[in-house]
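No value in this document is a laboratory result; all are computed from the given coordinates. As the structure is a prediction and not an experimental result, all values here were calculated from the model. In this analysis, Cβ positions are derived from the backbone assuming ideal geometry, glycine residues included, and neighbour counts consider all displayed protein chains.
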Amino acid sequence: MRHRTPETTGEHAPVPTDRTADVIVVGAGPTGLLLAGDLAVAGLRVTLLERRAPGISNLTRAMAVHARTLEQLDARDLADELVATGHPLSHLQLFAAAEMKPYRLPSRFPFVLITPQYEVERLLERRAQKAGVTFRYGARVTGLDQDADGVDVRVQEEDGAATTYRAAYLVGTDGVHSTVRKALGLPFPGRTVVDSVVLADVRLDERPTMPLIANATDDAFALIGAFGDGWYRVIGWDQHRRVPEDTPVEPDEIREYMRLALGSDYGMHDVRWTSRFHSDERQVPRYRVGRAFVAGDAAHVHSPAGGQGMNTGLQDAANLSWKLAAVLRGDAPDSLLDSYHAERHPVGKMVLRSSGAVIRLAQLRSRPQRVLRATLARLLNSVPPLADRAMMTISGVGIAYPAGRGAHPLAGKRAPDLRLAGGTRLHEALRGGAFVLVTPEGEKVPGDETVPEAVGAAGAADAPAPGPRLVRAAWDSDRRTALLVRPDGYIAWATDATDPDVRAESLHGALVRWTGAGRAAARTAARP
């Protein structure tokens, strides 16, 4: 049974309207679009509020899509299409000497994809619309109130009318200047780390030695990334040049940063888009306040170093969406939603540290400091495990969540794209938004008989929403480990037990805890 908000339940409840929903998402950037699409695929009613008018493009600062994000998009059948829009980079060069090697990542996507943010948004928006998300453009949130049963969101519509929307839960994905965050009274501590950063999309007469290069000198920094279609993204700044953000970006300014940091402007011409902004490092202390949440840039902002901002927000959405769906469908208690902050806040903090370390290396000015930077670069190149660990962190592939005392060593870790019996992959089995249980071929699962409506088979992910809660799959090998993989691709539970009774009891407990199988059976038995 699908949860309904107080306005849409009860004997005398009014008929649902376009102002009531299970979840309201504020902000139609990548984070909000992925979250809203996931919830709609799960069979929930979702309203997405966006203050921009229809047809107005979002500012496209982000350009890097990392391996873990591509894995998440693969689990939504979007990755291959996105890869076709951009330029996969298997090598990265930083500070003239340090070479990062994404091709060594243990992933189906061993590269960094350079593609404009609007390509990510285009695919996610299409998916959300197809799944039935209600879009409200030109809707500016002016305030909100919570009670024990839901959230009221006050909105000024495009025509100036004041409207109130109601939902069981609210998620603010409305960026660094988040109205939701401010309405919740959440502080946003941190500081500005770089002033007057310039971004531009340009053409070059000379091709750089690598598809992505970055370097810093005494005061200047510049990065060039190839989109693969003849256009390049340039990011640069000079610590001596601090001007208001509304100061136009001139081509000669871009050329100067490139020459100072990279030794050449590579024959830059045809500037098609520019932006000037400052870079902050900030994070809210809490990702949840009652029935409201913040995600993406509304919860954390980082320096552009490492290209982790958009990727971290998309991972926030993937973590929160299945938990909201489980609670709203009655498969899990509300307390599951607390794990969103517990799991994602440390990741946001880690990204602040890692991107901050790179930006501070770029800002080293004295000769001894620059010698230290060069030494660190050589160390990274000469110790492959160190470079691999750095790339695992930046890409998100190495991120894991705490699993608790006594858990299997695999619990909390990212599940690789396993090959499954029948020629399918794990990411394909995840495409319906369900848990995936991987066991040896023919292993009996407790609850199969009592909750048949909650169990599907690998390959059944295209079933109409809300779809199965659990997809069954078997190893394409003789491996005996049993795995329960969360909808966001992390391992919830695993066992190597060989005793059939011990194995069955452990599996039953995992299914009850994670998929609500026992609760679903109890609800079915209790119906008159």
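Quick notes on this structure:
- Contour excess over end-to-end distance, with Cα ends at residue 158 and residue 203 and 0.36 nm allotted per residue: 12.4 nm
- The Cα-based radius of gyration of the stretch 190-281, divided by its Kirkwood radius, gives an Rg/Rh of 0.95.
- Potential lengthening between residue 405 and residue 219 on full extension [0.36 nm per residue; Cα-Cα distance subtracted]: 62.1 nm
- For the listed peptides 66-72, 190-196, a ranking on the average number of other beta carbons within 10 Å per residue, highest first, reads 66-72, 190-196.
- The stretch 190-281, dipole about Cα centre (Lys/Arg Cβ +1, Asp/Glu Cβ -1), debye to the nearest 20: 180
- Among residues other than residue 52 with Cβ under 14 Å from its Cβ, the summed charge is -3 (Lys and Arg +1, Asp and Glu -1).
- Whole-number D in µm² s⁻¹ for the stretch 61-200, Kirkwood Cα-pair radius fed into Stokes-Einstein, 20 °C, 1.002 mPa s: 115
- Cβ-defined net charge surrounding residue 91, 13 Å radius [Lys, Arg +1; Asp, Glu -1]: +1
- Set the Cα radius of gyration of the stretch 136-186 against 2.2 N^0.38 Å, with N its number of residues, and you get 1.11.
- Dipole axis of the stretch 247-287 (+1 Lys, Arg; -1 Asp, Glu on Cβ), positive-most option in 269, 283, 247: 283
- Within-14-Å neighbourhood charge of residue 350 [Cβ basis; K, R +1; D, E -1]: +2
- Looking at the stretch 413-447, the trypsin sites (Lys or Arg not before Pro) that sit in a DSSP loop and have at most 11 other Cβ atoms within 10 Å of their own Cβ are 444.
- Cα-projected label distance for residue 241 with residue 335, points at 7 Å along beta-carbon direction, nm: 5.6
- Intensity falloff of the stretch 277-334 expressed as log10 I(q)/I(0), Debye formula with alpha-carbon point scatterers, at q = 0.30 Å⁻¹: -1.25
- Among 115-121, 22-28, 45-51, the peptide with the highest mean count of other Cβ atoms within 10 Å heads the list, and the full ranking is 22-28, 45-51, 115-121.
- Label positions at residue 80 and residue 498, each projected 7 Å from the Cα along the C-beta direction, are separated by 4.0 nm.
- When peptides 202-212, 223-233, 292-302 are ranked by their average number of other Cβ atoms within 10 Å per residue, the highest-first order is 292-302, 223-233, 202-212.
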